[in-house]
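Below is one structure, written out as structure tokens, with a few remarks after it.
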Amino acid sequence: MPNDYNNRLKLLTPILALTVWAAHFLLLWCASSIFPEQVLARWLAAAFTLIALVALYGIMRWQAVTTVFSIPGLGLALSAVAIVFTAMPALIG
Amino acid sequence: MKSETGFDHSLYALFPTHHKRPEGEREELERIWCKPRGWEYLTAVNNNYIGFYYIATAFLFFLLAGVLALGMRVQLTAPLLQILPQETYNQFFTMHGTVMMFLFAVPMVEAIGVLLLPQMLAARDLPFPRLSAYAFWAYLVGGLCFFASLFVGLAPDGGWFMYPPLTSIAYSPGINADFWLLGIGFIEISAIAGAIEIIVGVLRTRAPGMTLDRMPMFAWAMLVFAAMIIIAFPSVILSTLLLELERAFNWPFFDPTRGGDPMLWQHLFWFFGHPEVYIIFLPAAGLMSMMVSTVARTPLVGYRLNVLALVATGFISFGVWAHHMFATGMPRLSTGYFSAASMAVSLPAGIQVFCWIATLASGKIRWSTPALFVVGSVLVFTMGGLTGVMVGMVPFDWQAHDTYFIVAHLHYVLIGGMVFPMFAAFYHWVGMTSSRPLSERVGKWVFWLQFVGLHVTFLPMHLTGFMGMPRRVYTYMPGRGLDLLNQISTVGAFIMGAGVVLFLIDLARNFRFTTNDDAGNIYGGSTLEWLPTGLYSTRSIPVVRSRDPLWDDPKICDDVEQGRYFLPGSVTGLRETIVTSPINAEPQYLQLMPGPSVWPLAAAVLTAGFFLALTVQAYMFSAVSGVIGLACVLRWLWETDRPIQQDKADIGAGITVPISITGPQSHGWWALNTLFTVMGMIVLMGLFGYLYLYGIHPEVWIAAPPVLQTLGISLVLVLAIVAAWMSRRVLAMTKRGEFAGQGPWLLGVLGAMLLGAASWWDVAGWDSAGLDPAASGQGATVFVLIAFQGFTVAIAAIMAVYLGYRSGKGLLTTPTNVTLDIVVRFIGYTALQGLAIVLLTRLYPGA
């Protein structure tokens, strides 16, 4: 790093990815609260999960992330895992 | 990659400079940043003093809450003891939890930030020193008054989470609950003030060259911590306001018989309450990351991973609030989501723990007292984290809920995650503020007593919890196998207490507060706080070329001390620091900083008087305190934003920057945006409450006023924005140094008047539609949103009048002015906030 005064820590991608996670989580919770114990809530969860994963893919393309072994890549991976994991109760619960 | 601001990076090569510095430069710095004497200690605003006061006060509350804990343990030593009567026991556990969470944990980490951050970032001070002083004095006065309620039997007794209906006026008719609601609401305002200071400080006052990638881990942690406070704390401020309004004016937010719902409290409270755990943990994790590196004498393994983990924890911790509500009968799917998120949050926390372990494993550990606390902390926090994953599973939580298993879990997490790192930090950083280090030998005893005491106290509680012993009950029945385990826990608590007493003895023997003759870098830390410092922080502000500058550049201490870097003296003869860009930390301008003042103290005391008088229903006294308090705030602001002759400053090596600018590049702009985020979150949570209650009780909803009226109110609010924008335009069209006339401030006043008119129209409209705040949840939520808007409008009006007064005194500089900039942006924000409230409450299909 010596004598390089430009920031090398790329946090925009992880922050965008985690924002997608947050939106996905809140939508899932809203659906399950508005349609309690109804199958519709599960279908909505599946739909929101697909949309969230597509959004992550879009971020990956936009930010030109090519490897998971980088902070942007790990941020995307972490968010993807959290999104799929959060949706699990709707799919198998 | 290009420069962020147009600053030429090759200029950094000019440092360290080689010219001889002028005589008397350092002496002038010492004169400007002089030491207070006598009563002046009350007016000090410098971070060295405020940070120290803050830490001492937070530690006092830790001791007080610890004494309460010992009292409870004595009561539980044997079944059916009557040492503490039931009512007193209820007050003890409520105050223990409340004081530990609100008066110790959050203020302590904020205090450590106030003390360490300026030196760590090589800034002269935090950007708003008087705000820091106000936050501290408000916390001290409010906290002491709050704690004193215990001595007159008026302490809150409904648990630290104050669930209604137990805390509603029907079941808690005294003023005990009011002490909690108003006291905590007030103290949280102080925490938010501190958070704004920290966000702007970390992002805008770093030493040149300290890119985000070179920031000390503690600064990263404090940045995430402060951002979380900004998002989470408005929720608890709103919830305390709602419950107080229900108790005082019978507005039924939480009364299900009139369209309210007690679950709304739980959502609002835990939306703050669970992130609060991470708000406490993350700064301690930042301290840990720095100490681990020093202890192991090697750079932190996985610096960027650690930053990612901090940010991810900050996000995911907002998805776990309802895991405190698994037993409330939420929809099954919802509990599943929160359970999954509760497990997911352990991923980033795990990353941090593995980074620490890897660092310790890759370096050569020196087994000093901080090292013992650091390693103990990793162990204890991991144990607490594992039981956290257990209670994150819904069926397990149903079994363990409200038992001593949870008490054990949360103490392992909080002591491992915050208390041990705090003691480690005391030993590690004491050399910055004391002329003598603390004793290593005694420190090791302190650690072992606390470590052993912790396990003796809380390990048995897992078993008593499994055996069904409920929390928050003042006794238990004999013959259920609980006696011995409780006796062991009590012994353990006193062993821990002995550790704390030993620490106090060590402090008394060795700690000698100093600002210029400190013991120094005892453990060989690598970051800038270990540069030689005075009250002005470092003599000159270095160019940062790596994450561990003191290890990588052995000459840096001498060069900084000889004034060979930025700002080696005072350019204007005033207190000043360099404001840098948020990402690359490129020098942007010179900020003039306010000096000591009695007004923050006076404002804090009177704000506390305002809230405390409300608690005891002394409304006239409260109103008078509020008005005088406001006058004090305006008086303190009066001395800021003064016109100065000089508009550019040489900050070293011939590099010149402007002095005190306005607009998006200015630090004040960032602070105001942060405040808008806080206010926006309060409104957002209020709107959530509105929608939530509609979802639960749509049958009590009435139709909204006519759409045409809604459009009319919206138009008035848009006109207010136009007036504010015009105000700035008129000023901008005036030539530098010329008088702008009466236009700018009059347009500001017009904007505020339009805001007031819109609010009045909104209230009248709902009133004529037949909405009564005491009749239904809809009425209560609509009117509380309007009341908040009215409060904001009142502030905007006061600001506009203040602007007019400054204009009359010739303080309205042209073509830009910081005060005007703030006032017109506040008016614009208030109009947008009003639009959001009006449109959602009136156009939402449920209405």
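The values are calculated or read from the model by the stated rules, or taken from the named source; none is laboratory data. All values derive from a computational prediction rather than experimental measurement. FYI the Cβ positions are ideal-geometry reconstructions off the backbone, even for glycines, and counts take in every protein chain you see.
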Flagged in segment B:616-672 as polar (S, T, N, Q) and touching a Pro at 6+ places or on another chain (Cβ under 8 Å), in numbering order, are B:Thr640
Show the residue pairs meeting these rules: Cβ distance below 9 Å; 6+ apart or different chains; first residue within segment B:277-291 and buried (at least 24 other Cβ atoms within 10 Å of the Cβ); second residue among the acidic types (Asp, Glu).
B:Pro283/B:Glu110
Among residues of segment B:464-478, those that are in contact (Cβ under 8 Å) with a residue 40 or more places away in the chain and either basic (Lys, Arg) or outside any helix (DSSP H, G or I) (or both), counted
10
Go through segment B:705-727 and give me each residue that's under 19 Å from B:Gln833 (Cβ atoms) and out of contact with any Gly (no Cβ under 6 Å at 6 or more places or on another chain).
B:Thr710, B:Leu711, B:Gly712, B:Ile713, B:Ser714, B:Leu715, B:Val716, B:Val718, B:Leu719, B:Val722, B:Trp725
Tell me the residue from B:Phe451, B:Phe458 that is crowded, with 22+ Cβ neighbours inside 10 Å and more than 29 Å from B:Ala296 (Cα to Cα), please.
B:Phe458
Looking for whichever is within 30 Å of B:Leu264 (Cβ to Cβ), modelled with pLDDT of 95 or more and more than 14 Å from chain A (Cβ to nearest Cβ) here; the options are B:Tyr404, B:Tyr427. Which one fits?
B:Tyr404
Scanning segment B:689-723 residue by residue, those without any contact (Cβ under 8 Å) to a residue 40 or more places away in the chain, within 37 Å of the chain's Cα centre (by Cα) and farther than 19 Å from B:Val793 by Cβ turn out to be B:Gly695
So, of the residues in segment A:44-66 that are assigned to a loop (DSSP other than H, G, I, E, B) and β-branched (Val, Ile, Thr), which turns out to be nearest to the other protein chains (Cβ to nearest Cβ)?
A:Val65
Residue selected from segment A:1-32 under the condition more than 21 Å from the chain's Cα centre (by Cα) and more than 20 Å from B:Val311 (Cα to Cα), by the criterion farthest from the other protein chains (Cβ to nearest Cβ):
A:Asp4
So, in segment B:578-614, of the ones that are farther than 19 Å from B:Tyr134 by Cβ and of a type in the set (Ser, Thr, Tyr), which residue ends up farthest from the other protein chains (Cβ to nearest Cβ)?
B:Tyr589
Return the residues of segment B:1-52 that are of a type in the set (A, V, I, L, M, F, W, C) and at pLDDT below 90; say none if nothing qualifies.
B:Met1
Residue hits (segment B:431-463; farther than 16 Å from B:Val374 by Cα, assigned to a helix (DSSP H, G or I) and hydrophobic (A, V, I, L, M, F, W, C)) are B:Met432, B:Val442, B:Val456, B:Phe458, B:Leu459, B:Met461, B:Leu463
Taking segment B:502-519, which residues are surrounded by 15 or more Cβ atoms within 10 Å (Cβ to Cβ) and over 15 Å from B:Phe426 (Cβ atoms)?
B:Thr515
Against the definition (more than 14 Å from chain A (Cβ to nearest Cβ) and in contact with a helix residue (DSSP H, G or I) (Cβ under 6 Å, 6 or more places away or on another chain)), how does B:Asn90 come out, yes or no?
no
Tally up the residues in segment B:532-577 that are away from chain A (no Cβ under 14 Å) and not in a loop (DSSP other than H, G, I, E, B), please.
13
Assigned to a helix (DSSP H, G or I), without any contact (Cβ under 8 Å) to a residue 40 or more places away in the chain and surrounded by 24 or more Cβ atoms within 10 Å (Cβ to Cβ): is that true of B:Leu223 in this structure?
yes
When residues of segment B:562-607 are limited to those that are of a type in the set (S, T, N, Q) and under 17 Å from B:Asn46 (Cβ atoms), the one surrounded by the fewest Cβ atoms within 10 Å (Cβ to Cβ)
B:Ser570
Restricting attention to segment B:172-214, which residues are at pLDDT 95 or above and not in a helix (DSSP H, G or I)?
B:Thr205, B:Arg206, B:Ala207, B:Pro208, B:Gly209, B:Met210, B:Thr211
The one condition in (1) in contact (Cβ under 8 Å) with a residue 60 or more places away in the chain; (2) more than 20 Å from B:Ala341 (Cα to Cα); (3) more than 11 Å from chain B (Cβ to nearest Cβ) that A:Pro72 fails to fulfil
(3)
Note: among A:Ala31, A:Ala77, A:Ala64, just one is small (Gly, Ala, Ser) and more than 29 Å from A:Asn7 (Cα to Cα), namely A:Ala31
Name the residue, out of B:Glu23, B:Glu27, that is outside any helix (DSSP H, G or I) and without any contact (Cβ under 8 Å) to a residue 24 or more places away in the chain.
B:Glu23
